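S.K.: Here it is, the structure in full.
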Amino acid sequence: MLSPRGSAAESGTSAVRHLISTSDLSDTELTALVTRAAEFADGPVRSGEQLTGLVAGIHFLKTSTRTRTSFSAAALRLGAKIISFGPDDLQTNTGETLEDTAEVLSRMLDILVVRSAGDPADLRTLAAQPRMAVVNAMTADEHPTQAVADLATLLGHFGRVEGLRICYLGEGNNTAAALALTLSRFKGVHLELRTPFGYGLEPAIRGRAAANAAASGATVVELHSMDTPPEGFDVFYTTRWQTTGTSKPDPEWRSVFAPFQVTTALWDRSPEAVFLHDLPAHRGEDVTAEVLDGPRSLAFDQAENKMYAAMAVLEWCAGRR
Ligand code: CP
């Protein structure tokens, strides 16, 4: 046994910081992460030594193209080494407790990036040890690092987040939750969510976003109809209707979602608006190909920004920034 464990002190890191919900971040920390991600995106440097000497576990219990690759690439680009675990790799599958798993992994890893398939509270259990930072790479209730990438994309394009008018269309899923919880903290932001009835934001998320907005001077509204089309927006944002590929119990769900498709017709009322999508997209469902592949789409820059957001998050969690 090596005790006391010295890697944090020896490698110059400060206290462990977890990113499980954007609510874990102060306004200053959120702004710093978004700004740092935008700096990485804007700058010529795509690598560094900030994480040299650290080992990051990349533990994904659900499919991922962008988030898993972005954290793996970010860790490698900043000098860390990584170990990847898929859904069949850990003894939690054979009954080892999450508490014991956390205790063991924290003696070997500095950071654990997790996409959960189960109870979001599992990440808090993994974080209940003093050595290893835990990062939420998407739970059922929130996708915090997606929001860092999204806000960095807005900052990069508009030069600010404050005062933007953003219309989110589609399911009130974990991406929508993270957007609502973060955008509501920026003064003058107007976030309008158009979500199909029965597929809106969780009431608890809506309540937290409303509290943020009351404190910051933002506004957040949610409507369940497209009868009056949205107009005068700077940004349209949507996500795949089948979040993480899951189907919906209602066999008629597609007809419920159909009015919320992002089409060029929306632009008649917001001619300067840009388009964001967290991807993966389903052309012809959540968005038309004309929009996704059109000149106003930032969706693929936004996907690239996930790596810069991951670089910013890893630096911060490791106390190397
Ligand atoms: N946007 C996003 O989280 O993509 P992946 O599911 O591919 O990671």
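S.K.: Carbon-plus-sulfur fraction of the accessible area of the chain, 1.4 Å probe, in percent?
M.R.: Roughly 53 percent of what the probe reaches on the chain is carbon or sulfur.
S.K.: Which order do Asp250, Asp301, Asp286 take when ranked by solvent-accessible area (1.4 Å probe, heavy atoms of all protein chains), largest first? Walk me through the numbers before you get to the answer.
M.R.: Values: Asp250 60, Asp301 90, Asp286 0 Å².
I get Asp301, Asp250, Asp286, largest accessible area first.
S.K.: May I ask you to derive the FRET efficiency for Met108 and Ser247 from their Cβ-Cβ distance with R0 = 51 Å, giving the value to the nearest 0.05?
M.R.: Computed FRET efficiency for Met108 and Ser247: 0.85.
S.K.: Rounded, prolate or oblate for the range 25-124? Axes are the square roots of the Cα gyration tensor eigenvalues, ordered a ≥ b ≥ c, and the cut-off for rounded is a/c under 1.5. Numbers along the way, then the final one.
M.R.: Details: a/c = 1.97, a/b = 1.70, b/c = 1.16.
It is prolate, given that a/c is not under 1.5 and a/b is the larger ratio.
S.K.: Show the residues, 5+ positions off or on another chain, whose built amide H is closer than 5 Å to the amide H of Leu54.
M.R.: Sorted by chain and number, the residues that satisfy this are Lys81.
S.K.: Only helices at least 15 Å long along their axis, Cα-based, and averaging -0.5 or more on Kyte-Doolittle count here, so list those DSSP H runs from the chain.
M.R.: Span-like helices here: 27-42, 66-77, 144-158, 203-216, 299-317.
S.K.: For Glu272 and Ala258, calculate 0.36 nm times their separation in residues minus their Cα-Cα distance, and state this gained length in nm to one decimal.
M.R.: Gain on extension, Glu272 to Ala258, equals 2.7 nm.
S.K.: Counting only heavy atoms of the protein chains, get the accessible area per residue of the chain (1.4 Å probe) and round it to a whole Å² value.
M.R.: 43
S.K.: Assign unit charges at the C-beta atoms only (+1 for Lys and Arg, -1 for Asp and Glu), then state the dipole size of the range 164-251 relative to its Cα centre in Debye, rounded to the nearest 20.
M.R.: Dipole of the range 164-251, to the nearest 20 debye: 300 debye.
S.K.: Compactness ratio of the range 144-303: Cα Rg over 2.2 N^0.38 Å, N = residue count? Don't skip to the end; give the middle numbers.
M.R.: Details: Rg = 14.4 Å, N = 160, 2.2 N^0.38 = 15.1 Å.
For the range 144-303, the normalised Cα radius of gyration comes out at 0.95.
S.K.: On to the next question. With label points built 7 Å along Cα→Cβ from the Cα atoms of His282 and Leu76, find their separation and express it in nm.
M.R.: 3.1
S.K.: Can you pull the one-decimal nm distance between simple spin-label points at Thr52 and Thr125, each 7 Å off the Cα toward Cβ?
M.R.: It is 3.9 nm.
S.K.: Now a separate question. Let me make sure I get this right: for the range 245-321, a, b and c are the square roots of the gyration tensor eigenvalues over alpha carbons, sorted descending. Under 1.5 in a/c it's rounded, otherwise prolate if a/b > b/c, else oblate. Which is it?
M.R.: In terms of gyration-tensor shape, oblate.
S.K.: In addition: Sum -39500 (n - 2.57) across every DSSP H segment of at least 4 residues in the chain, then divide by the residue count to get the 222 nm mean residue ellipticity, nearest 500. All intermediate terms of the calculation are to be shown ahead of the outcome.
M.R.: On the way: 11 runs with 113 residues, N = 321.
After summing the helix terms and dividing by the residues of the chain, the value is -10500 deg cm²/dmol.
S.K.: Then there is this: Please list, in chain and number order, the residues 5+ apart from Val287 or on another chain whose amide H is under 5 Å from its amide H, with Hs placed from the backbone.
M.R.: Under 5 Å from the amide H of Val287: Val262, His282.
S.K.: Using the Kirkwood radius over Cα pairs, work out the Stokes-Einstein diffusion coefficient for the chain at 37 °C and 0.692 mPa s, in µm²/s as a whole number. List each step's numbers first, then the result.
M.R.: Values: Rh = 20.1 Å.
For the chosen part, D equals 163 µm²/s.
S.K.: Is the C-alpha gyration tensor of the range 139-212 telling us rounded, prolate or oblate? Criteria: a/c under 1.5 is rounded; beyond that, a/b larger than b/c is prolate, otherwise oblate. Don't skip to the answer; put the middle values down first.
M.R.: Values: a/c = 1.70, a/b = 1.53, b/c = 1.11.
The shape class here is prolate.
S.K.: Next question. Give the residue list of GluC sites (Glu not before Pro) in the range 16-80 that are DSSP loop and have at most 15 other beta-carbon atoms within 10 angstrom. Provide the component values of the computation, followed by the final result.
M.R.: Numbers: sites: Glu29, Glu39, Glu49; in loops: Glu49.
Hits after loop and neighbour filter: Glu49.
S.K.: For the residue pair Glu192 and Ala204, what label-to-label distance in nm results when each label sits 7 Å from Cα along the Cα-to-beta-carbon direction?
M.R.: Going from the Glu192 label point to the Ala204 one covers 3.0 nm.
The values are calculated or read from the model by the stated rules, or taken from the named source; none is laboratory data. Keep in mind the model is a prediction, meaning the values are calculated, not measured. Neighbour counts are summed over all protein chains in view; Cβ atoms, including those assigned to glycine, are modelled from backbone coordinates with ideal geometry. Please note that ligands, DNA and RNA were not included when accessible areas were found on the heavy atoms of the full protein model with its side chains. Shrake-Rupley method; radii C 1.70, N 1.55, O 1.52, S 1.80 Å.
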